[in-house]
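The values are calculated or read from the model by the stated rules, or taken from the named source; none is laboratory data. These figures come from a predicted structure and were not determined experimentally. So basically every Cβ, Gly included, is an ideal-geometry build from the backbone, and we count neighbours across all protein chains shown.
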Amino acid sequence: MPAEEQGAALQSRRFLWLYALAAAGGSVAYVPFLTILLPMRVTGMAGTDDVAWLAYATFFGAIAASLSNIAFGWASDRTRRREPWIAAGLVTSSVLLGAFGWIGGVAETILLLLLWQIALNMMLAPLAAWAGDHVPDDQKGRLGGLLAFSPAAGAAAGVLVTLPGLATADTRLWLVAALVALCVAPVLLFGRARSLVALDEQRNEVTAPRKRQRGEVIRMWTARLLVQISEAALFAFLFFWFRAIDPAMTDARVAQIFGLILAGAVPLAIAAGKWADRHDRPFAPLALCAAGAAVGLMVMAAAPGLGAALTGYVIFGLSASIFLSLHSAQTLRVLPRAEHRGRDLGIFNLTNTGPSLVMPWLTLALVPAFGFTGLFVALSAFAAIATLLLLRMPRTS
């Protein structure tokens, strides 16, 4: 294809980078709040009953997020406009986030949490589908690489808003809301996505011209779910495992390791995404990363000491982080019907919220009987199955 035609068939770098910034804003919206600010508020209200109340909040919050993500994805499909939903969700979720400072009871906090989850997914669901409307298949690898900024941004925001002396507990909520607005607003105001003929035709047809077999969609969905379960389990119980190996391990050191892995995944994901686009091998990096996650978990399961444990976790952490960011973009490639993109992505989003419902029971079933070694072996098997599923995907797009 001539250079002029090829450039015309691609989305502008400005939109890609501003969209990646907005996606990072979505991570900033929930990571600091759900992992740090909300648990601190629940502990202050509930005291010794904080774990039980936090479990209720997590459970019902995950259900609200799952259903509302599907609903607002469907609504943005019906209206054929993503931007108004994104803007409305940004404003509403920001106001509700600040409103947590006015609530003094645990039950009221959980009710407000459900409303906030609904408002947040009013922004997140159309935002995810918006990429499919404007980013062609030839750039989905690059898009996936840029999405690796999202978890790193969420972790960095958590560090920033909790700096000693920076803000009070209530002010932190508004600080998070301001950071989200600074990330999301630019793409709405200045994104100006380039109109691409191929994508416009696909969006206006009843069925996308390149049908995907149902089995491919199921394999992609299942592979992400299996890796997400492994990632969620590690996220929740990593500190306890490190302490079991080395009692001197502190929460600050674990957080530093986690942050370094997220930061290191960004350039690797960008490089992998560019390679996938250049060689038209969209699913090869996904299979490789799933295999890397399986290897890392087995190293962790067999680790005799802290050095091997850290090595295994670095392998797993980098592999899983790259996998999840690239998978988010390549999912847009396999969805069969462009006019239902938002709804279908909401169904894919169940792979993000579902593990929080599965992971605690899996851990309780395995750790008391087999220790963390048994848990890591099981999680490694999940990642290995994901690898096999992805190896069955087409070699090219």
**Study point:** Evaluation of Glu339 against (1) farther than 18 Å from Phe239 by Cβ; (2) surrounded by fewer than 22 Cβ atoms within 10 Å (Cβ to Cβ); (3) at pLDDT 90 or above (one fails), failing number
**Key:** (3)
Review point. Can you tell me which residues in the range 143-177 are closer than 26 Å to Ala9 by Cα and touching a Lys or Arg at 6+ places or on another chain (Cβ under 6 Å)?
Key: none
Revision key, fill the gap. How many residues of the range 295-308 are closer than 18 Å to Leu260 by Cα, buried (at least 20 other Cβ atoms within 10 Å of the Cβ) and more than 25 Å from the chain's Cα centre (by Cα)? The answer is 0
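Looking only at the range 60-93, which residues are out of contact with any helix residue (DSSP H, G or I) (no Cβ under 7 Å at 6 or more places or on another chain) and either of a type in the set (A, V, I, L, M, F, W, C) or buried (at least 21 other Cβ atoms within 10 Å of the Cβ) (or both)? Spell out how you get there, then give the answer.
Filtering the range 60-93 down to residues out of contact with any helix residue (DSSP H, G or I) (no Cβ under 7 Å at 6 or more places or on another chain) leaves 63, 67, 71, 78-81, 84, 91.
Passing the criteria: Ile63, Leu67, Ala71, Val91.
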Check your understanding: Name the residues in the range 200-255 that are of a type in the set (D, E, K, R), modelled with pLDDT under 75, in contact with a helix residue (DSSP H, G or I) (Cβ under 7 Å, 6 or more places away or on another chain) and in a helix (DSSP H, G or I), would you?
Key -> Arg203, Asp251
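Residues in the range 15-53 that are among the charged types (D, E, K, R) and surrounded by fewer than 20 Cβ atoms within 10 Å (Cβ to Cβ): how many?
The number of residues fulfilling the criteria is 2.
In the range 120-165, which residue that is in a helix (DSSP H, G or I) and polar (S, T, N, Q) is nearest to Ser325 (Cα to Cα)?
From the range 120-165, those in a helix (DSSP H, G or I) are 120-134, 137-146, 149-161; that's our starting set.
From what is left, the residues that are polar (S, T, N, Q) are 121, 139, 150.
Values: Asn121: 19, Gln139: 14, Ser150: 8 Å.
The extreme case among them is Ser150.
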Exercise for review: Report, by residue number, each residue of the range 222-245 that is of a type in the set (Ser, Thr, Tyr) and either closer than 15 Å to Val377 by Cα or buried (at least 24 other Cβ atoms within 10 Å of the Cβ) (or both).
Suggested key: Ser230
